[in-house]
Amino acid sequence: MSHTKNVPFMDLVSPHRELKVELTSVFQKALDTAGFVGGPMVEGFESEFASFCETKECVGISSGTDAVRFALMAAGVQPGDIVVTVPYTFIATTEAITQAGARPDFVDIDEHTYCMDPEKLREYFVKECYVERETGTAFHRKLQAPVTAVVPVHLYGQTADMDAILEVAHRYNLIVVEDACQAHGAEYFSEKENCWKRAGSMGHAAAFSFYPGKNLGACGEGGAVTTNDKEIARKIRMLRDHGQSQKYYHDLEGYNGRLDAIQAGILSVKLRHLAEWNQSRREAAEQYKKLFDSYPRQVILPHQPEWAKSVYHLYAVRVQNRDEVQKHLSSQGIGTGIHYPIPLHLQKAYQEFGYKGGDFPLAEQVASEIISLPMFPHLTAEQQSRVVQAVLDAVSARAIQ
Ligand SMILES: *Cc1c(COP(=O)(O)O)cnc(C)c1O
């Protein structure tokens, strides 16, 4: 049984095996009723996920990428606008911005949380933009375009510092769309409102992905937008369905971007277990912290500020000799991932924008040191000990600064 010593990066088999009967009955129901697109399974899931996120509305979408795009469009981003986000995220964030007709631009991340640094966002407006008197809109001097929205990304399952970001957004009249694609159930303590808020409930709208590997994953593709704004929700319902307000009455040209019924039914079943799975991930994170704690100088662990309750979509640590560590773990049968090796501003896809190395130094440094260790609800303490031992065997004796 030598294979039992292997530790996979994630385990998508066990949760589905445990729920097999319930999940199969979703297919059965869809087959019996031929309810494949729209209908009660989609509406049921939308209302359950809205309550989970503590929002008034949820609209099921075909993917997280389209959820970001539709949220931006419905909230009012216009072709030619600039939308600010971070360079340290999955490219879907900026694809959605571009596909909404806007141009992405970046501010660097916070060195501890790896999420948007609100201070850098503020500086961006102070140093690179001016505010048009009549409209109050921020205008980018060099790019000669209005900056109308910001997309904070709740990376690895932990929210960005939303109070501070919302304050800048308020000052500059910005639309705020949370990219919550990695943060189902994450919480943020808002000083301003003096309460814990759910990821997805803080911006004008928020996007979630149900890609299989996410904390809440479909058995296929899926996504959703959450919002407290009825008008945004109404527009998104049109955008996802060919711009129809009723069948064959097209108020605008839209997209085929619906969440399908079988995926919605599956998500309803899995949503009932999400709180417990997130709790297991938190316990696994605690366990990693305990195991690594005697070696604070070789491995930088995830930092959770007191205002955050992470759901640990990923457990990413920083080491100085990342590639060697990854190779060693792989030789020990331990799966890892790099999220993300190249920040977006240095990707070939964005060459035309003319960014260069050094533009966003923290994103660049973190990208060169980060490695995601196995993290999933069914991870055992014994597997974690193996992972930690292997990491410690491989980290360079030199301490990371
Ligand atoms: C997964 C992900 C997306 C895109 O979701 P899809 O459902 O794969 O389209 C967007 N942003 C972030 C940060 C993600 O991790």
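Determine which single condition residue 397 fails, assuming it passes every other condition in (1) modelled with pLDDT of 95 or more; (2) not in a helix (DSSP H, G or I). Every listed condition holds for residue 397 apart from (1).
Against the condition open to solvent by less than 40 Å² (accessible area, probe 1.4 Å) and assigned by TED's automatic domain parsing to the domain that holds residue 301, how does residue 353 come out, does it pass? Let's see the steps before the verdict.
On the way: open to solvent by less than 40 Å² (accessible area, probe 1.4 Å): no; assigned by TED's automatic domain parsing to the domain that holds residue 301: yes.
Criteria not met by residue 353.
Scanning the range 233-267 for residues that are of a type outside the set (A, V, I, L, M, F, W, C) and within 20 Å of the chain's Cα centre (by Cα) yields 257, 258, 263. Residues in the range 48-65 that are open to solvent by 20 Å² or more (accessible area, probe 1.4 Å) and within 16 Å of the ligand (Cβ to nearest atom): 62, 63, 65. Only one entry of 45, 70, 36 meets the criterion of being surrounded by 15 or more Cβ atoms within 10 Å (Cβ to Cβ), among the aromatic types (Phe, Trp, Tyr) and away from the ligand (no atom under 15 Å from the Cβ), and that entry is 45. A Cβ distance below 9 Å, combined with a sequence gap of six or more or placement on separate chains, defines the contacts here; from the range 8-23, residues that are surrounded by 16 or more Cβ atoms within 10 Å (Cβ to Cβ) reach no residue that is of a type in the set (Asp, Glu). For the range 209-232, name all the residues that are acidic (Asp, Glu) and either within 12 Å of the chain's Cα centre (by Cα) or more than 14 Å from the ligand (Cβ to nearest atom) (or both). Once the filter is applied, which keeps residues that are acidic (Asp, Glu) and either within 12 Å of the chain's Cα centre (by Cα) or more than 14 Å from the ligand (Cβ to nearest atom) (or both), the range 209-232 yields 229, 231.
If only residues of the range 73-90 that are of a type outside the set (A, V, I, L, M) and touching a Gly at 6+ places or on another chain (Cβ under 8 Å) are counted, the one that is nearest to the ligand (Cβ to nearest atom) is 81.
Need a quick list: strands (runs of 3 or more DSSP E) entirely within the range 169-225 having at least 1 residues that are open to solvent by less than 10 Å² (accessible area, probe 1.4 Å) and among the acidic types (Asp, Glu). Give the steps one after another, and end with the answer.
On the way: elements: 175-179, 187-190, 195-198, 205-209.
The strands (runs of 3 or more DSSP E) meeting that bar are 175-179.
Are any of the residues in the range 137-157 over 17 Å from residue 176 (Cα atoms) and part of a helix (DSSP H, G or I)? Checking the range 137-157: at least one residue is over 17 Å from residue 176 (Cα atoms) and part of a helix (DSSP H, G or I).
Screening residue 124 against (1) open to solvent by less than 10 Å² (accessible area, probe 1.4 Å); (2) outside any strand (DSSP E or B); (3) within 16 Å of the ligand (Cβ to nearest atom) leaves a single unmet condition, (3).
Per-residue answers, yes or no, for (1) touching a Lys or Arg at 6+ places or on another chain (Cβ under 7 Å); (2) of a type outside the set (A, V, I, L, M, F, W, C):
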| residue | (1), (2) |
| --- | --- |
| 312 | yes, yes |
| 317 | no, no |
| 330 | no, yes |
| 338 | no, no |
| 351 | no, yes |
| 355 | no, yes |
| 367 | no, no |
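Can you tell me which residue is nearest to residue 49 (Cα to Cα) among those in the range 249-276 that are assigned to a helix (DSSP H, G or I) and open to solvent by 70 Å² or more (accessible area, probe 1.4 Å)? Checked the range 249-276; the qualifying residue nearest to residue 49 (Cα to Cα) is 272.
Can you go through 114, 124, 130 and tell me which one is within 17 Å of the chain's Cα centre (by Cα) and among the hydroxyl-bearing types (Ser, Thr, Tyr)? Let's see the steps before the verdict.
On the way: 124 fails: within 17 Å of the chain's Cα centre (by Cα); 130 fails: within 17 Å of the chain's Cα centre (by Cα).
114 is the lone residue from the list that is within 17 Å of the chain's Cα centre (by Cα) and among the hydroxyl-bearing types (Ser, Thr, Tyr).
Condition check ((1) within 28 Å of residue 212 (Cα to Cα); (2) open to solvent by less than 40 Å² (accessible area, probe 1.4 Å)) across all residues:
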{"position": "278", "(1), (2)": "yes, yes"}
{"position": "297", "(1), (2)": "no, no"}
{"position": "315", "(1), (2)": "yes, yes"}
{"position": "322", "(1), (2)": "yes, yes"}
{"position": "358", "(1), (2)": "no, no"}
{"position": "368", "(1), (2)": "yes, no"}
{"position": "372", "(1), (2)": "yes, yes"}
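Within the range 91-101, take every residue that is open to solvent by less than 30 Å² (accessible area, probe 1.4 Å) and under 18 Å from residue 360 (Cα atoms) and give me the one that is nearest to the ligand (Cβ to nearest atom). My answer is 93.
The values are calculated or read from the model by the stated rules, or taken from the named source; none is laboratory data. Since this is a predicted model, take the numbers as computed values, not measurements. Positions of Cβ are backbone-derived with ideal geometry, glycine not excepted, and every protein chain shown enters the neighbour counts. When the accessible area is computed, the model is the full protein with side chains, heavy atoms only, and any ligands, DNA or RNA have been set aside. Shrake-Rupley method; radii C 1.70, N 1.55, O 1.52, S 1.80 Å.
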